Amino acid sequence: MEGERSAPGCPICLDSLVGGDVTCPACRTCFHGPCVAKYAMSSAEQGALPLKCPELFCKSVWAEEVFVPLLGDQQPHFEKLLRLQQELSTRKTADAMSPRTQEALRPYGIRACPRCKAMIQKQAGNGQRRSC
């Protein structure tokens, strides 16, 4: 009906949203809990942590308390990805990492640069190329 406004949608899935499960502390935008959980896992798998609000005008960093409880049985996998990212950021070269750590990073597209031995991650949409 004209002039009637529908309920705002979840910015992630765009479905209608009545009393959102999660609210960004900074911009107060509401999201579905399952959408936030998928967004958190996707961000972690891409190495895009800390997690930021997906709302384009906000992008504030979310505390883990906002989204970790929503992960359910995915929480151990998220925590493993978080540890791997922290490991990668503290040890910049493959020479500083154990072979076991290097092997654990391989499934996430993280390998040593053949020239400088810096740890690099494959970027989405970049084919087989990696850059350091």
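The values are calculated or read from the model by the stated rules, or taken from the named source; none is laboratory data. Keep in mind the model is a prediction, meaning the values are calculated, not measured. Cβ sites come from the backbone with ideal geometry, for glycine too, and all protein chains shown count toward neighbours.
Suppose the filter is surrounded by fewer than 18 Cβ atoms within 10 Å (Cβ to Cβ), in a helix (DSSP H, G or I) and not β-branched (Val, Ile, Thr); does GLN74 pass it? In short, yes.
Given the residues GLU55, GLU2, which is the only one that is over 26 Å from ILE120 (Cβ atoms) and at pLDDT below 85? Criteria check complete, one pass: GLU2.
Evaluated against (1) touching a residue at least 24 places away in the same chain (Cβ under 8 Å); (2) farther than 21 Å from GLN86 by Cβ, ASP73 falls short on exactly one condition, (1). The condition of being more than 27 Å from LEU84 (Cβ to Cβ), out of contact with any Cys (no Cβ under 9 Å at 6 or more places or on another chain), surrounded by 13 or more Cβ atoms within 10 Å (Cβ to Cβ) and modelled with pLDDT under 95 holds for only one of GLY9, GLY47, GLY33, GLY20, that being GLY9. The set of residues from segment 88-112 being modelled with pLDDT under 75 and surrounded by fewer than 16 Cβ atoms within 10 Å (Cβ to Cβ) comprises SER89, THR90, ARG91, LYS92, THR93, ASP95, ALA96.
Considering only segment 51-62, I want to know if a residue exists there that is in a helix (DSSP H, G or I), over 16 Å from LEU84 (Cβ atoms) and outside the structural domain of ILE110 (by TED's automatic domain parsing). No, every residue in segment 51-62 fails to be in a helix (DSSP H, G or I), over 16 Å from LEU84 (Cβ atoms) and outside the structural domain of ILE110 (by TED's automatic domain parsing).
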